[in-house]
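Working notes, structure below.
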Amino acid sequence: MTEQIIDPQVSCDIANTAASAFSLQLQDDIGIITMNVPGERMNTLRESFVVEIAALLAEIAANPHIKGLVLRSGKPDTFIVGADVHMLAACTRAEQARELSLAGQGTFNQLATLNIPLIAAIHGPCLGGGLELALACHGRVCSDAPSTRLGLPEVQLGLIPGSGGTQRLPQLVGLTTALDMMLTGKQLRAKQALKCGLVDDMVAESILLDTAIKMAGQAKFGPQRKHSSSFSQWALQGNPIGRKLVFEQAERRVKAKTGDHYPAPFTLLQVVKVGLEEGMEAGLAAEAQAFGELVMSRESAALRHLFFATTEQKKETQWQGAKPNSLSHIGVLGGGLMGGGISYVSATHAGLPVRIKDISHQGINQAMKSAHGLLMAKVKKGHLRAPEMHKQLGHLTGTLNYSGFERIEMVVEAVFEDLEMKRKMVAEVEAHCAPSTVFATNTSSLPIHQIAAGAARPEQVLGLHYFSPVDKMPLVEVIPHAGTCATAVATALKLARAQGKTPIVVQDKAGFYVNRILAPYLNEAARLLLGGEPIDAIDRALVAYGFPVGPMTLLDEVGIDVAHKIAPILATELGERFIAPEAFNQLLEDNRKGKKNGRGFYRYEAKKRPKKFKPVDESVYKLLQINPLNQLPAEELAERCVLLMLNEAALALDEGVIASARDGDIGAIFGIGYPPFTGGPFFYMHQLGIHAVVDKMQHYERQYGARFAPCAPLVRMAAEGRSYY
């Protein structure tokens with residue numbers, strides 16, 4: 001934010017306590033409150049602010065010269081990113097969390113009832129409690145910077161806004177817009193915020209403070225004004241029948257999207273309804289009560305665990321003490337689906353010049369066309385300006401040889417899953433690139449040490465396993481072999497994070513981590529099918545459990561042929577528990593590869609498809625000689641698949657395939673869609689109790705055999721009363 005020079009003779013430091021996050025200066029008769037949490041890169045709301053703001057307001061009330069106030073951030077890139085979530089971890093009872101909510105509400109109510117205008121000058125992220133603070137102001141102006149985002153994302157932590165947001169947001173932007181924001185955690189860009197009335201004005205950052213001062217000095221600018229993005233929205237909100245319709249539709253959408261796994265969205269609907277029907281005082285009381293109860297819920301604990309895990313991981317900028325190399329140019333080998341996706345995230349998210357090498361112009365054009373299509377979709381939605389799109393596309397260039405590769409610090413290879421081909425790529429990169437260039441191979445099955453064998457600089461070779469589609473899937477597995485140097489790993493982590501990915505480091509063992517824990521899950525689903533359980537019944541059971549898609553749909557998406565190719569590699573190195581049912585060979589003999597060739601477990605030729613489940617290809621039953629009958633309860637279908645995944649995750653951690661339970665949770669959630677409300681496989685086992693997991697597995701072992709025998713690490717932990725967290 002551009003600082004305005006203020007004459008020290010007409011300024012005063014109101015909040016003069018050394019530890020205070022708030023200071024106030026006078027410019028003529030306008031007080032400028034600057035929030036700047038000491039020692040932190042970003043502003044977050046703290047419990048101590050209740051006392052600090054009270055002291056600040058007392059000083060302001062005692063100064064008759066102040067005619068208006070502006071609240072701004074002292075941080076250059078952010079307004080307020082929300083409340084400090086660590087406060088909630090200290091709560092052991094719902095009442096404690098409720099008291100935090102009531103304290104926040106009381107402080108913001110003091111701001112809202114000031115008898116002089118208070119204007120929030122917003123630049124950068126304004127989220128959660130930060131937006132609730134801005135909502136308590138009498139007006140808001142934001143910068144038009146791309147980094148400016150406004151939202152209430154508490155639902156993503158299994159919570160609801162707790163400082164008045166559930167009551168003030170519907171009053172300001174209307175019920176339907178407010179529910180859409182709060183139920184999804186959606187963050188609005190500056191232009192969207194202006195359009196729906198969340199802010200009163202949008203200006204360049206350079207004049208943000210001047211604009212806010214002018215707004216604060218307007219004599220007629222009084223209490224909060226109601227905005228409207230549409231007349232129909234306010235008509236619905238003011239009509240009991242209309243409100244009922246809005247809430248019913250919202251509840252149906254929430255249930256369809258989340259099932260019954262996330263209590264926060266349903267609770268939020270009830271709290272908003274109380275405020276609209278019984279008044280703000282009742283609404284705030286309901287908000288505080290609900291907030292306290294949700295803080296103590298298992299789901300919120302799991303989602304906050306995930307939040308802390310990913311936040312902690314982002315701070316790890318080194319690997320085993322080694323710093324990453326600088327990255328200014330990236331090379332990508334192969335312009336296909338994976339290569340194009342890797343090029344796209346490198347150019348658009350990381351902002352790096354990308355040199356794509358392919359054996360044909362067609363491959364390069366394919367990557368360029370894919371990037372253009374993804375960016376154009378953003379432009380059409382108003383999320384990106386056309387000049388910025390062209391700037392990002394300008395980062396992509398192509399070549400049929402290695403011209404330009406001499407200045408590239410890292411090459412990501414994404415050619416066919418062929419060992420000799422990948423070794424050839426290593427040799428060519430070593431011949432055309434600098435000695436310090438890191439070579440990363442995108443493979444889902446080939447051992448990295450075999451790809452590095454024969455390399456002149458094997459210490460520069462590692463794996464980078466992206467998941468498809470690359471532009472959407474957040475996980476990347478970074479796979480060093482035994483000889484990979486720490487600097488190469490640190491550089492790969494740096495690139496992945498710059499691409500907007502969440503990376504985990506895994507050992508160079510068969511299946512790495514994600515495919516290893518996925519294989520037993522898919523194999524058990526196959527056994528259920530061969531045992532006579534219908535395809536769609538299996539999928540529905542796992543979707544009801546919390547997965548985004550069922551295992552049979554996943555096999556169709558990944559490719560039945562791909563799964564068939566990986567299975568023997570896993571079985572050879574890891575044992576017979578990875579052997580896929582032989583009957584599945586008949587699927588490939590029948591040329592069933594899944595969605596890619598329109599022949600799998602589901603039919604893909606139908607034009608009208610259900611939203612979640614496509615029609616089953618009934619001919620699969622005849623091919624596999626199955627008489628499909630719903631014999632088992634959905635709970636058992638889900639547990640049998642999931643327990644084998646948990647068992648394998650425990651073995652992977654014990655063998656050092658992953659460095660920590662934290663990485664295992666992140667990998668499972670971001671790599672295969674393991675239900676986030678559980679916190680991941682290890683946090684789920686921790687919450688359930690290791691002893692309970694072992695008991696469940698032994699129950700199924702007695703019914704279905706040795707494959708359900710709990711692994712030694714789990715049995716040992718249960719006996720010793722230990723857990724993962």
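The values are calculated or read from the model by the stated rules, or taken from the named source; none is laboratory data. It should be emphasised that the depicted structure is a prediction, and the values quoted were computed from it without experimental measurement. All Cβ positions, glycine included, derive from the backbone under ideal geometry; neighbour counts span all protein chains shown. Please note that ligands, DNA and RNA were not included when accessible areas were found on the heavy atoms of the full protein model with its side chains. Shrake-Rupley method; radii C 1.70, N 1.55, O 1.52, S 1.80 Å.
Here are the numbers for the structure shown:
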| quantity | calculated |
| --- | --- |
| Rounded accessible area of Y545 (nearest 10 Å², 1.4 Å probe) | 40 |
| Over 24 Å between alpha carbons, listed pairs K378/K501; K191/K378; K186/K314; K257/K494 | K257/K494 |
| Solvent-accessible area per residue for segment 312-447 (1.4 angstrom probe, square angstrom) | 48 |
| Cα centroid of segment 162-212 to Cα centroid of segment 347-414, whole Å | 34 |
| Cα-based convex hull, the chain, per residue volume (Å³, whole number) | 181 |
| Reachable lysines, given that their alpha-carbon falls under 23 Å from the alpha-carbon of K596 and they are not under 8 places away in the same chain | K369, K472, K565, K607, K608, K611, K612, K614, K622 |
| Surface accessible to a 1.4 Å probe, per residue, for the residues of segment 72-223, Å² | 33 |
| Protein-only accessible surface order, largest first, of K214, K273 at 1.4 Å | K214, K273 |
| Electrostatic dipole magnitude of the chain [Cβ: Lys, Arg +1; Asp, Glu -1; Cα centre; debye, to 20] | 1840 |
| Taking the chain and dividing mean pair separation by its residue count, relative contact order in percent (alpha carbons under 8 Å, at least six apart) | 9 |
| Segment 455-589 - Debye-derived log10 I(q)/I(0), Cα point model, q = 0.11, 0.16, 0.20 Å⁻¹ | -0.50, -0.92, -1.20 |
| Kyte-Doolittle at least 1.6, axis length at least 15 Å by Cα - qualifying DSSP helices, the chain | 49-61 |
| Cα-based reach from K509 at 14 Å (exclusive), listing aspartates and glutamates while leaving out same-chain residues under 8 positions away | E477, E573, E648, D654, E655 |
